[in-house]
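Enquirer: Below is one structure. I have some questions about it.
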């Protein structure tokens, strides 16, 4: 995927934008300890790849049982990588030892980079940043894994907009090669370069996106999913026909409704709402059926029901 032209080449960085006590060149190798806020599907995947790449990781969530569940998922996914001979047992054990539970945001005080991977709700993210910032070192970079929300607007909720950046991993994090990097209006060059260097150490590829609603991947992907839901809503095809059509007719590895369940229907709805509100175009209007499923609490795999029912031995379409 071709990268959007990097804005670091378009303007010089003002001296006042430089993090105190650090030069742009020295920041690239300054990230050694990474905090991850959110131990769910995305957060545990981010912690997984960071630990496997040699970074010390602190994993935080609002409850100890969520952290424990995240660690169990990481251990299971690492074991799966061992069984498929992608990593060694020694690498698995070393990665697990690099991850430490952090029961409070205060425990992230010594991190060089903190990545927020909470639910795709702006108010929730802003509250996290307000609570997080007082604990951090002045030079700590804050990254957000948001898949759609304005980086500039989120950065304004922090005390360091010049050291705030979008770091959008794809799901599932251990398997997907791409990370979108998004600068806010205030993000400085040192933060941008340090982030690219960090992602390179994870073995991921970078796509630089401008700070527009949903960035690149979800700007293209989620309207396609939303259109598939409209196709279901209007009775053009049933769940199985729509997914089979895109798997076999377009060679997609997963049908759009199956993919929506995997992503989480609440996340799909949140992204479509950001697109609809941010771009003011009716083509981004969330399908009423998507809204209805979310209102019912049928969010996909994570709640065992979405466009498929996952409570039995085999997923069964719900429409």
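The values are calculated or read from the model by the stated rules, or taken from the named source; none is laboratory data. Everything numeric here is computed off the predicted structure, so don't read it as measured data. Because the Cβ atoms are built from the backbone with ideal geometry, glycine has one as well, and the counts that use them run over all protein chains shown.
Enquirer: Would you pick out the residues in region 88-109 that are surrounded by 14 or more Cβ atoms within 10 Å (Cβ to Cβ) and over 13 Å from residue 59 (Cβ atoms)?
Expert: Within region 88-109, 91, 92, 94, 109 qualify.
Enquirer: Could you pull out the residue among 232, 222 that is at pLDDT 95 or above, surrounded by 21 or more Cβ atoms within 10 Å (Cβ to Cβ) and either closer than 20 Å to residue 170 by Cα or in contact with a strand residue (DSSP E or B) (Cβ under 9 Å, 6 or more places away or on another chain) (or both)?
Expert: The conditions single out 222.
Enquirer: Please verify whether region 141-151 includes one or more residues that are over 27 Å from residue 268 (Cβ atoms) and assigned by TED's automatic domain parsing to the domain that holds residue 66. First the steps, then the outcome.
Expert: Let us first name the residues in region 141-151 that are over 27 Å from residue 268 (Cβ atoms), namely 141.
Those left that are additionally assigned by TED's automatic domain parsing to the domain that holds residue 66: 141.
The answer is yes; a qualifying residue exists.
Enquirer: So, in region 248-263, how many residues would count as being out of contact with any helix residue (DSSP H, G or I) (no Cβ under 6 Å at 6 or more places or on another chain) and not in a helix (DSSP H, G or I)?
Expert: 4
Enquirer: Which of the residues belonging to region 172-211 are in a loop (DSSP other than H, G, I, E, B) and in contact with a helix residue (DSSP H, G or I) (Cβ under 7 Å, 6 or more places away or on another chain)?
Expert: Within region 172-211, 172, 173, 174, 184, 185, 186, 187, 188, 202, 211 qualify.
Enquirer: Here's another thing I want to ask about it. Has region 74-86 got at least one residue that is surrounded by 14 or more Cβ atoms within 10 Å (Cβ to Cβ), in contact with a strand residue (DSSP E or B) (Cβ under 9 Å, 6 or more places away or on another chain), touching a residue at least 24 places away in the same chain (Cβ under 8 Å) and in the same structural domain as residue 202 (by TED's automatic domain parsing)?
Expert: Yes: region 74-86 contains one or more residues that are surrounded by 14 or more Cβ atoms within 10 Å (Cβ to Cβ), in contact with a strand residue (DSSP E or B) (Cβ under 9 Å, 6 or more places away or on another chain), touching a residue at least 24 places away in the same chain (Cβ under 8 Å) and in the same structural domain as residue 202 (by TED's automatic domain parsing).
Enquirer: Those residues that are touching a strand residue (DSSP E or B) at 6+ places or on another chain (Cβ under 6 Å) and within 17 Å of residue 128 (Cβ to Cβ), I need them from region 49-69; list them, please. Steps first, answer last, please.
Expert: To start, the set of residues in region 49-69 that are touching a strand residue (DSSP E or B) at 6+ places or on another chain (Cβ under 6 Å) comprises 50-51, 55-60, 67.
Listed by number, the residues that qualify are 58, 59, 60, 67.
Enquirer: Those residues that are touching a residue at least 40 places away in the same chain (Cβ under 8 Å) and surrounded by 15 or more Cβ atoms within 10 Å (Cβ to Cβ), I need them from region 286-301; list them, please.
Expert: Within region 286-301, 286, 287, 289, 290, 300, 301 qualify.
Enquirer: Yes or no: residue 269 surrounded by fewer than 24 Cβ atoms within 10 Å (Cβ to Cβ), without any contact (Cβ under 8 Å) to a residue 60 or more places away in the chain, part of a helix (DSSP H, G or I) and more than 21 Å from the chain's Cα centre (by Cα)?
Expert: no
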